[in-house]
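K.L.:
Here you go, one structure.
The values are calculated or read from the model by the stated rules, or taken from the named source; none is laboratory data. No experiment lies behind these values; they were computed from the predicted model shown. Note: ideal-geometry Cβ built from the backbone for every residue, glycine included; neighbour counts use all protein chains shown. To get the accessible areas, we keep the full protein, side chains included, count just its heavy atoms, and leave off ligands, DNA and RNA. Shrake-Rupley method; radii C 1.70, N 1.55, O 1.52, S 1.80 Å.
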Amino acid sequence: MKKINVLGLITFFVLVLVNLPFLVIIPSSFTAAGYLGFPPEGFSWQWYEMILDRPEFIDSLWFSLKLATVTAILATLIGTLAAFALSKYKFRGSGIINALMLSPLTVPSLIIGISALLFFTRIGIAGTFTGLLLAHMLISIPYVVRLVLTGLSSFDYTLEKAGYMLGAHPFRVFWDITLPLLRPAIVSGMIFSFLTSFDNVTVSLFLVAPDTTTLPLAIFTYMQETLDPLVASISSVVILLSLVFIVLLEKVYGLERLFGLNSQSH
Amino acid sequence: MSKRLSVTLLTAPAMILLLGVFIIPMLMMLLLSFQDENQAFSLHNYLLFVQDPYYLEVLWRTIRVSLWTVLASLLLGFPVAMYMAQATGKMRGIVTMLILAPHLISVVIRNFGWVVVLGEKGWINETLISLGLIDQPLRLLYNELGIVIGLTDSFIAYMVLAIATSLYAIDPSLNKAASILGASRVRTFFSVTLPLCLPGIIAGTTLVFSLSMSAFVTPALMGGTSVKVMPVIAYEQIMATLNWPLGAALAFLLLGSTILLVTLYTKLIETKRYKEVFAS
């Protein structure tokens with residue numbers, strides 16, 4: 001049993017390490033001092049009240065939420081349709097289309113960001129909401145396609161057939177049989193797209209304009225100039241918000257399954 | 001509706017997006033990287049890179065930092081994967097959750113946490129000074145060490161998952177057979193477990209290496225202004241110097257060298273394996 005204890009000890013150490021950033025950020029956001037430090041001194045809400053005086057953070061939070069929501073809805077819609085085509089019909093070139101759909105995952109975000117900037121500048125949508133939205137959809141769609149394809153691979157088509165035989169309209173079959181059975185895959189695709197968009201920095205970096213900045217980028221820029229407890233309080237808000245979605249994802253699909261898929265596609 | 005029409009309609013939105021936001025822009029970027037000051041086709045940017053020791057040093061630093069990250073995440077991640085493979089349902093679930101959940105929260109925020117821990121007035125330095133172990137703060141940030149710590153934190157989950165997946169697939173009766181045949185635990189590990197989870201190790205190491213090579217945010221925040229890696233100088237050429245062709249070339253050189261190194265690595269391991277096959 002001694003071996004397991006050593007493994008357990010190392011595992012505990014690693015788990016503390018990867019969660020350490022959050023374990024220090026949240027307490028240090030409640031510091032009563034005027035500077036950043038851990039352990040924090042005293043307790044106060046002052047750095048949360050400070051957020052209200054910084055319109056750039058509030059604005060970028062709303063902007064990020066809006067962007068992530070629209071990205072999640074559109075990417076899920078488009079990705080699900082494509083996954084249906086790939087799973088349901090055997091056609092020439094389906095292998096190529098499948099590989100193409102997943103390819104944005106294998107290319108570094110840096111290259112996606114730079115190339116999108118080049119093209120968007122040419123067609124005049126660099127620095128706009130539309131530009132960011134398109135780029136975020138591009139990096140979210142592979143996850144949706146993959147998740148829905150996995151869902152469809154174990155899909156029992158005889159259930160659809162039964163629906164048709166009982167005289168149901170194709171839309172009725174889709175709505176009452178197909179969709180409910182695939183709901184976990186589709187919903188987790190949507191949540192994962194939301195998180196991908198909400199937390200993205202490297203692609204957005206090239207595509208934002210001063211008045212269309214996402215929250216992680218606003219924090220990134222602020223951090224390069226100043227390090228004060230304000231970053232901690234804003235970060236705590238983001239951590240809390242992300243946690244809600246992570247718990248949802250775990251409940252709907254299971255993180256382990258999700259990542260099994262994630263690492264294969266890289 | 002005919003099959004062809006259905007397929008076209010269903011895949012069209014995704015394909016248009018892929019073409020418009022990914023394939024065409026990438027081709028444009030590739031063409032741009034071959035442009036000189038007079039917008040004529042030339043190898044100028046690529047030659048500049050090869051001839052300038054500064055760029056070669058940056059590339060070498062990027063590779064070095066990535067290799068350290070691979071080593072650190074392998075050494076720390078392997079025991080975690082072993083533990084997960086041995087743990088029962090509930091415990092495995094908790095460990096999985098705790099190692100994966102942080103991965104879904106913004107990398108900027110994780111790096112910020114590390115700054116609080118590792119900074120000159122950070123938790124570690126303050127603790128060590130108050131214990132009287134050191135009198136000058138240690139430099140744990142804004143150097144290569146800082147980048148490696150940040151990258152390991154970012155990518156260790158991929159390593160753990162890749163190795164754990166291959167460990168889960170090992171038939172437990174093999175271990176039993178080895179011990180019945182009198183093999184010690186160490187012997188069993190090296191003759192049974194390790195060879196069987198080699199695909200997981202290869203997948204994990206190549207994945208962490210590729211991700212580390214192209215990481216931008218962590219090196220920018222935890223490496224500081226003097227310790228730059230390829231993605232950071234590519235970014236600067238694009239956004240600060242506005243030398244887009246050079247920035248594009250740097251990004252492709254980075255991608256090219258990553259692919260080259262990963263291919264060499266997998267080839268090397270494969271030939272080694274074949275050698276073993278021939279020897280036996």
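K.L.:
Could you check how many residues of segment A:4-36 are open to solvent by less than 30 Å² (accessible area, probe 1.4 Å), touching a helix residue (DSSP H, G or I) at 6+ places or on another chain (Cβ under 7 Å) and not in a helix (DSSP H, G or I)?
P.N.:
Total meeting the criteria: 2.
K.L.:
When the residues of segment B:228-239 are filtered to those that are in a helix (DSSP H, G or I), more than 8 Å from chain A (Cβ to nearest Cβ) and hydrophobic (A, V, I, L, M, F, W, C), which remaining residue is surrounded by the most Cβ atoms within 10 Å (Cβ to Cβ)? Before you say what the answer is, go through the steps one by one.
P.N.:
Looking only at segment B:228-239, we keep the residues that are in a helix (DSSP H, G or I), and these are B:230-239.
Retained after the next criterion (residues that are more than 8 Å from chain A (Cβ to nearest Cβ)): B:230, B:232-233, B:236-237.
With the extra rule that they be hydrophobic (A, V, I, L, M, F, W, C), the set shrinks to B:230, B:232-233.
Numbers: B:Met230: 28, B:Val232: 21, B:Ile233: 22.
So the residue we want is B:Met230.
K.L.:
Of everything in segment A:14-40 that's more than 27 Å from the chain's Cα centre (by Cα) and of a type in the set (A, V, I, L, M, F, W, C), which residue is nearest to the other protein chains (Cβ to nearest Cβ)?
P.N.:
Step one: list which residues in segment A:14-40 are more than 27 Å from the chain's Cα centre (by Cα), which gives A:30-40.
Now restrict to residues that are of a type in the set (A, V, I, L, M, F, W, C): A:30, A:32-33, A:36, A:38.
On the way: A:Phe30: 13, A:Ala32: 16, A:Ala33: 11, A:Leu36: 6, A:Phe38: 4 Å.
Applying the filter and picking the extreme gives A:Phe38.
K.L.:
Scan segment B:174-188 for residues that are open to solvent by less than 60 Å² (accessible area, probe 1.4 Å), part of a helix (DSSP H, G or I) and more than 14 Å from chain A (Cβ to nearest Cβ) and jot them down.
P.N.:
B:Ala177, B:Ala178 - these are the residues of segment B:174-188 that are open to solvent by less than 60 Å² (accessible area, probe 1.4 Å), part of a helix (DSSP H, G or I) and more than 14 Å from chain A (Cβ to nearest Cβ).
K.L.:
Of (1) facing another protein chain (nearest Cβ under 10 Å); (2) open to solvent by less than 10 Å² (accessible area, probe 1.4 Å); (3) in contact with a Gly (Cβ under 7 Å, 6 or more places away or on another chain), A:Leu207 satisfies all except one. Which?
P.N.:
For A:Leu207, the exception is condition (1).
K.L.:
A further question follows. Against the condition in a helix (DSSP H, G or I), charged (D, E, K, R) and either within 11 Å of another protein chain (Cβ to nearest Cβ) or in contact with a Lys or Arg (Cβ under 9 Å, 6 or more places away or on another chain) (or both), how does A:Arg92 come out, does it pass? Break it down into steps so the answer makes sense when it comes.
P.N.:
On the way: in a helix (DSSP H, G or I): no; charged (D, E, K, R): yes; either within 11 Å of another protein chain (Cβ to nearest Cβ) or in contact with a Lys or Arg (Cβ under 9 Å, 6 or more places away or on another chain) (or both): yes.
So A:Arg92 does not fit the description; no.
K.L.:
Tell me which of these A:Thr221 doesn't satisfy, since it passes every other one: (1) over 25 Å from A:Ile125 (Cβ atoms); (2) at pLDDT 90 or above.
P.N.:
The failed condition is (1).
K.L.:
For segment A:37-47, how many residues meet the condition of being open to solvent by 50 Å² or more (accessible area, probe 1.4 Å) and at pLDDT 85 or above? Steps first, answer last, please.
P.N.:
Quick first cut of segment A:37-47, residues open to solvent by 50 Å² or more (accessible area, probe 1.4 Å) only: A:39, A:41-43, A:45-46.
Cutting the leftovers down to at pLDDT 85 or above gives us A:43, A:45-46.
Total satisfying the criteria: 3.
K.L.:
Can you name every one of the helices (runs of 4 or more DSSP H) wholly within segment B:69-161 that holds 1 or more residues which are within 17 Å of A:Ile10 (Cα to Cα)? Even if it seems obvious, please write down each step before you answer.
P.N.:
On the way: elements: B:89-100, B:107-118, B:123-130.
Where helices (runs of 4 or more DSSP H) fall fully within segment B:69-161 and carry at least 1 residues being within 17 Å of A:Ile10 (Cα to Cα), they are B:89-100.
K.L.:
Residues in segment A:95-117: is at least one surrounded by fewer than 21 Cβ atoms within 10 Å (Cβ to Cβ), modelled with pLDDT of 95 or more and within 11 Å of chain B (Cβ to nearest Cβ)?
P.N.:
No, segment A:95-117 contains no residue that is surrounded by fewer than 21 Cβ atoms within 10 Å (Cβ to Cβ), modelled with pLDDT of 95 or more and within 11 Å of chain B (Cβ to nearest Cβ).
K.L.:
In addition: Between A:Arg183, A:Arg172, A:Arg146, which is closer than 27 Å to B:Ala101 by Cβ, without any contact (Cβ under 8 Å) to a residue 12 or more places away in the chain and over 11 Å from the mean Cα position of the chain (by Cα)?
P.N.:
On the way: A:Arg172 fails: closer than 27 Å to B:Ala101 by Cβ; A:Arg146 fails: without any contact (Cβ under 8 Å) to a residue 12 or more places away in the chain.
Just one listed residue meets the conditions, A:Arg183.
K.L.:
Then there is this: Of the residues B:Thr271, B:Thr258, B:Thr266, B:Thr206, which single one is among the β-branched types (Val, Ile, Thr), open to solvent by 30 Å² or more (accessible area, probe 1.4 Å), closer than 23 Å to B:Leu67 by Cα and under 17 Å from the mean Cα position of the chain (by Cα)?
P.N.:
Details: B:Thr271 fails: under 17 Å from the mean Cα position of the chain (by Cα); B:Thr258 fails: open to solvent by 30 Å² or more (accessible area, probe 1.4 Å); B:Thr206 fails: open to solvent by 30 Å² or more (accessible area, probe 1.4 Å).
Exactly one residue qualifies, and that residue is B:Thr266.
K.L.:
Something else about it: Within the group A:Ala185, A:Ala168, which residue is of a type in the set (A, V, I, L, M) and surrounded by fewer than 19 Cβ atoms within 10 Å (Cβ to Cβ)?
P.N.:
Details: A:Ala185 fails: surrounded by fewer than 19 Cβ atoms within 10 Å (Cβ to Cβ).
After applying the criteria, what remains is A:Ala168.
K.L.:
For the structure I just gave you, tell me whether A:Ala185 is modelled with pLDDT of 90 or more and more than 30 Å from A:Ala68 (Cα to Cα). So that I can check it myself, show each step before the final result.
P.N.:
Working: modelled with pLDDT of 90 or more: yes; more than 30 Å from A:Ala68 (Cα to Cα): no.
Criteria not met by A:Ala185.
K.L.:
Please find, within segment B:129-173, the residue that is surrounded by the most Cβ atoms within 10 Å (Cβ to Cβ) out of those that are in contact with a helix residue (DSSP H, G or I) (Cβ under 8 Å, 6 or more places away or on another chain) and of a type in the set (Asp, Glu).
P.N.:
Residue satisfying both the conditions and the ranking: B:Asp153.
K.L.:
Which ones in segment B:111-123 are within 15 Å of A:Asp199 (Cβ to Cβ) and either more than 7 Å from chain A (Cβ to nearest Cβ) or open to solvent by 10 Å² or more (accessible area, probe 1.4 Å) (or both)?
P.N.:
Step one: list which residues in segment B:111-123 are within 15 Å of A:Asp199 (Cβ to Cβ), which gives B:111-113.
Selection gives B:Asn111 alone.
K.L.:
Restricting attention to segment B:32-62, which residues are surrounded by fewer than 19 Cβ atoms within 10 Å (Cβ to Cβ) and under 30 Å from A:Leu15 (Cα atoms)?
P.N.:
B:Arg61, the sole residue that qualifies.
K.L.:
Residues A:Pro142, A:Pro170: which one is under 19 Å from A:Thr196 (Cα atoms) and assigned by the TED database to the domain that holds A:Ala99?
P.N.:
A:Pro142
K.L.:
Every residue in segment B:210-227 that is modelled with pLDDT of 95 or more and not in a helix (DSSP H, G or I), please.
P.N.:
B:Ala215, B:Phe216
K.L.:
Let me ask something else about it. Is there any pair with a first residue in segment B:131-146 that is farther than 10 Å from B:Val227 by Cβ and a second that is open to solvent by 50 Å² or more (accessible area, probe 1.4 Å) and part of a loop (DSSP other than H, G, I, E, B) whose Cβ atoms are under 6 Å apart and which are 6 or more apart or on different chains, and what are they?
P.N.:
Listed pairs, sorted by first residue: B:Pro137/B:Glu120.
K.L.:
Scan A:Thr150, A:Thr202 and give me the residue that is within 20 Å of B:Thr11 (Cβ to Cβ) and in the same structural domain as A:Ser87 (by the TED database).
P.N.:
Numbers: A:Thr202 fails: within 20 Å of B:Thr11 (Cβ to Cβ).
None of the others qualify; the one that does is A:Thr150.
K.L.:
Just to be sure, is B:Glu57 assigned to a helix (DSSP H, G or I) and of a type in the set (Asp, Glu)? Full working, then the answer.
P.N.:
On the way: assigned to a helix (DSSP H, G or I): yes; of a type in the set (Asp, Glu): yes.
So B:Glu57 passes the test.
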